[in-house]
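K.L.:
Got a structure here, written out as structure tokens. Questions coming.
The values are calculated or read from the model by the stated rules, or taken from the named source; none is laboratory data. Everything numeric here is computed off the predicted structure, so don't read it as measured data. Every residue, glycine among them, receives a Cβ derived from its backbone with ideal geometry; neighbour counts consider all protein chains shown. To get the accessible areas, we keep the full protein, side chains included, count just its heavy atoms, and leave off ligands, DNA and RNA. Shrake-Rupley method; radii C 1.70, N 1.55, O 1.52, S 1.80 Å.
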Amino acid sequence: MTDPFDFSTNTAITLKVWAPSTGTLRIKLEAQASSSTFVEKDVAVTTANEWVEVSIDFAGEAADTYDRLVLFPGWDVANAGTFYLDDISQQ
């Protein structure tokens, strides 16, 4: 990302996900300048085979620290299948 996230007003990352099965989606925010500076949060995907919107709250996280977004659909599941992600936004 060219600018880091600012969680002082918009604290959530929201996205749509289509998953072949239910499970966990992990979202990781990193500082590109320091690989040891990151935060990870999990959200449950409770519906399979249709688009659902999920939202993860990052309230309280440092402003202007994280400038890389990493998504892990099917977190901790071997051969989880094909996932589709769309409409990623900060709200």
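K.L.:
Looking only at region 82-91, which residues are surrounded by 13 or more Cβ atoms within 10 Å (Cβ to Cβ) and either in a loop (DSSP other than H, G, I, E, B) or among the acidic types (D, E) (or both)?
P.N.:
F83
K.L.:
Having 1 or more residues that are touching a residue at least 40 places away in the same chain (Cβ under 8 Å) and either open to solvent by less than 40 Å² (accessible area, probe 1.4 Å) or of a type in the set (D, E) (or both) is the bar; report the strands (runs of 3 or more DSSP E) wholly within region 1-81 that clear it.
P.N.:
Details: elements: 12-18, 23-31, 34-45, 51-57, 68-72.
In region 1-81, the matching strands (runs of 3 or more DSSP E) lie at 12-18, 23-31, 51-57, 68-72.
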